[in-house]
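Readers should treat all values here as calculations from the given coordinates under stated rules, not as data from a laboratory. It should be emphasised that the depicted structure is a prediction, and the values quoted were computed from it without experimental measurement. Methodologically, a virtual Cβ is constructed for each residue, glycine included, from the backbone with ideal geometry; neighbour enumeration extends over all protein chains shown.
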Amino acid sequence: MKNFAKLKINSDLKFVYSENNALSIVFQSNELLLGVLGEFNNNLKELEKITNTSIYSRGNSILLKNSPEKNEIIKNAIQFLVDQFLNNGTLEKKDIESSVNKFMIDEKVTNKSGNVEYIIKTPKKSVIPRSEKQKNYIRALKESDIVISAGPAGTGKTFLAVAVALTMLLDKKIERIILSRPAVEAGERLGFLPGDMREKVDPYLRPLYDSLYDLLDFEKIQKKIEVGDIEIAPLAFMRGRTLKNSFAILDEAQNATDTQIKMFLTRIGENSKIVINGDPSQIDLPNKKMSGLNRSKKLLGHLKEISVVDFDHTDVVRHPLVSKIVKAYSDKNSD
């Protein structure tokens, strides 16, 4: 994938204000303009739909005819999309949604000097926080020795942690990434699984592989797994080890018992970080009271070396419907 920021594309935008609250955003590069507009102007149409505004494409410019306040929102959104396209060489639907996210507008993400510390640059894409809590989470991942995060699916708990860990590995700040999960069946009987030990536990760990492949080429990930730079293992395999110069992530921690979480946390060694992630609403243990995730937050949250981040449905960035589904179930459970 091209990194357009490294090419000689003029990314400067010219903003021309005129009568009747009209604002023209003039592009110096047609290639950049087409990238932002999308095929058949689909990105622009999506932006119109989300913001309930009128946006027009004319020649080498985008024309806005709304209230001054809405024009400024769209202006910031367009600048955000330009930056995303230059970084990643493409735009996704979630980028359109994030471009008008209140956090993105208020914090003016386009001001790179003020927000560069929150951008995670991996070989395949640049990852940008899409909510205030994600921003706090990234800060915690970089600054704290231990991070405990809880919240619903789709809030980026695992993906952002893997992204930060991968950049630290590539920058040689650590020597190894360890990704772990409890091997707990999610209410179904999977029966006999063929193969060696790795093949038996791989189905439980597949989501961790998916996050890695989204951030670095498949061949490079496989190579790092082969040489031991990246280790993916069930939680039971962590007992008795000391993790030095490592970034260890325990995913699906709601399915780990109090004793297991204590065991994992006490593996921490010199120059290491540990991250505990989970969704308290999706406990698959036979006895839900056995889950140690919430207890670990209560016991350890007061320690200055440990950060606790709680996400909710407003932080969901996977698909717009996921947030609505999570909220619906949360409201039902509170009845």
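Under the rule a/c < 1.5 gives rounded, and otherwise a/b versus b/c splits prolate from oblate, where does segment 206-322 land using the Cα gyration tensor? Intermediate results must be reported in sequence, preceding the final value.
Working: a/c = 1.64, a/b = 1.15, b/c = 1.42.
Verdict is oblate for segment 206-322.
Using θ = phi - 60° and the Karplus relation 6.51 cos²θ - 1.76 cosθ + 1.60, list the HN-Hα couplings for segment 77-94 in order, rounded to whole Hz, with x at every Gly or Pro.
So the Karplus estimates, Gly and Pro as x, are 5, 4, 4, 4, 5, 4, 4, 5, 5, 5, 6, 10, x, 7, 10, 10, 4, 5 Hz.
How far is it, in nm, from the label point at residue 56 to the one at residue 121 when both lie 7 Å from their Cα along the line to the Cβ?
The answer from the label model is 3.9 nm.
Once the piece of chain linking residue 173 and residue 282 is laid out straight, how much longer is it, given 0.36 nm per residue of separation minus the C-alpha distance between them?
Values: separation 109, 0.36 × 109 = 39.24 nm, distance 3.38 nm.
Roughly 35.9 nm would be gained on extension.
Could you tell me the calculated FRET efficiency between residue 312 and residue 223, based on Cβ-Cβ distance and R0 = 30 angstrom, to the nearest 0.05? Each step should come with its number before you reach the end.
Numbers: r = 38 Å, r/R0 = 1.27.
That pair, residue 312 with residue 223, gives E of 0.20.
Pairs to check: 172/224; 45/65; 133/173; 142/273; 172/223. Give those whose C-alpha atoms are more than 18 Å from each other in this structure. Show your work: numbers first, answer last.
Values: 172/224 13 Å; 45/65 15 Å; 133/173 25 Å; 142/273 9 Å; 172/223 16 Å.
Where the Cα-Cα span goes over 18 Å, the pairs concerned are 133/173.
Under 5 Å between amide H atoms, partner at least 5 residues away or on a different chain: which partners does residue 269 have, H built in plane at 1.01 Å?
Residues meeting the criterion, in which the H sits 1.01 Å from N, are 243.
Once fully extended, how much extra length lies between residue 19 and residue 132, figured as 0.36 nm per residue of separation less the alpha-carbon to alpha-carbon distance?
37.1 nm
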